[in-house]
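Below is one structure, written out as structure tokens; the observations come after it.
The values are calculated or read from the model by the stated rules, or taken from the named source; none is laboratory data. This structure is a prediction, so every number in the text was calculated from the model and none was measured. Don't worry about glycine lacking a Cβ; one is built from the backbone with ideal geometry, like all the others, and counts go over all protein chains shown. Surface accessibility is based on the protein's heavy atoms, side chains included, excluding ligands, DNA and RNA. Shrake-Rupley method; radii C 1.70, N 1.55, O 1.52, S 1.80 Å.
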Amino acid sequence: MTSTIERRLLELGLSLPGSCVSRGRFLPWIRSDRLVLLAGQICERDGTITAKGRAGEEVTVERAREAARDCALNLLFHLRDACDGDLDLVGRCLRVGVFVNAPPGFADSPSVGNGASDLLIDLLGDAGRHVRTAVGVSALPGNAVVEVDAIFELNRTL
């Protein structure tokens with residue numbers, strides 16, 4: 001079964017990863033009633049981090065924005081699992097948190113975060129609009145340039 005979100009991804013020339021393994025001892029998601037809380041996902045694809053280093057130094061802001069989109073794809077991979085394989089159960093995105101590996105004084109964390117936000121809005125329309133925090137941090141797992149977490153609401157309780 002291919003969901004509306006997955007069909008829209010294909011139209012955008014994108015796809016969900018084939019796998020997405022946690023790097024630590026935590027759950028990738030927890031479902032509580034109609035809410036799905038998703039653990040932070042770095043910009044990793046097929047076991048390889050797609051962009052390493054600090055935004056604005058080793059990684060351009062544009063490349064970091066693309067990496068944030070990669071994080072969102074990983075979130076959607078886990079969200080599909082939380083929805084028992086059916087992303088059509090997603091009602092809306094409520095919150096996104098963006099953590100950017102950045103030097104002191106880096107002011108473009110919101111621009112980097114737009115990579116994830118834009119994808120969610122492109123996929124879900126108004127239901128993809130969310131509240132968001134985007135902050136610079138001194139380090140991320142594997143020296144990834146960005147990590148993104150999110151909270152979604154489902155159409156119904158599973």
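Within the range 1-37, if we keep just the residues that are in contact with a Cys (Cβ under 9 Å, 6 or more places away or on another chain) and in a loop (DSSP other than H, G, I, E, B), the residue that is farthest from residue 91 (Cα to Cα) turns out to be 28. Within the range 3-24, the set of residues being among the small types (Gly, Ala, Ser) and open to solvent by 70 Å² or more (accessible area, probe 1.4 Å) comprises just one member, 18.
Residues that are in contact with a Cys (Cβ under 7 Å, 6 or more places away or on another chain), touching a residue at least 24 places away in the same chain (Cβ under 8 Å) and part of a loop (DSSP other than H, G, I, E, B) are absent from the range 84-98 altogether.
Among all positions in the range 38-60, there is no residue which is among the β-branched types (Val, Ile, Thr), closer than 25 Å to residue 94 by Cα and open to solvent by 20 Å² or more (accessible area, probe 1.4 Å). The single residue among 86, 81 that is more than 12 Å from the chain's Cα centre (by Cα), at negative phi and open to solvent by less than 60 Å² (accessible area, probe 1.4 Å) turns out to be 86. Within the range 16-44, the residues that satisfy the criterion of being out of contact with any helix residue (DSSP H, G or I) (no Cβ under 6 Å at 6 or more places or on another chain), at pLDDT 90 or above and either within 15 Å of residue 85 (Cβ to Cβ) or of a type outside the set (Phe, Trp, Tyr) (or both) are 27, 30, 32, 33, 34, 35, 37, 39, 40, 44. Evaluated against (1) more than 16 Å from residue 144 (Cβ to Cβ); (2) open to solvent by 70 Å² or more (accessible area, probe 1.4 Å), residue 35 falls short on exactly one condition, (2). Exactly one residue among 152, 106 is over 29 Å from residue 2 (Cβ atoms) and either open to solvent by 40 Å² or more (accessible area, probe 1.4 Å) or assigned to a strand (DSSP E or B) (or both), and that residue is 106.
For first residues located in the range 121-132 and closer than 8 Å to residue 93 by Cβ, partners that are surrounded by fewer than 18 Cβ atoms within 10 Å (Cβ to Cβ) and lie 6+ apart or on another chain with Cβ distances below 7 Å form the pairs 124/92; 127/91; 127/92; 128/121; 129/121; 130/94; 130/95.
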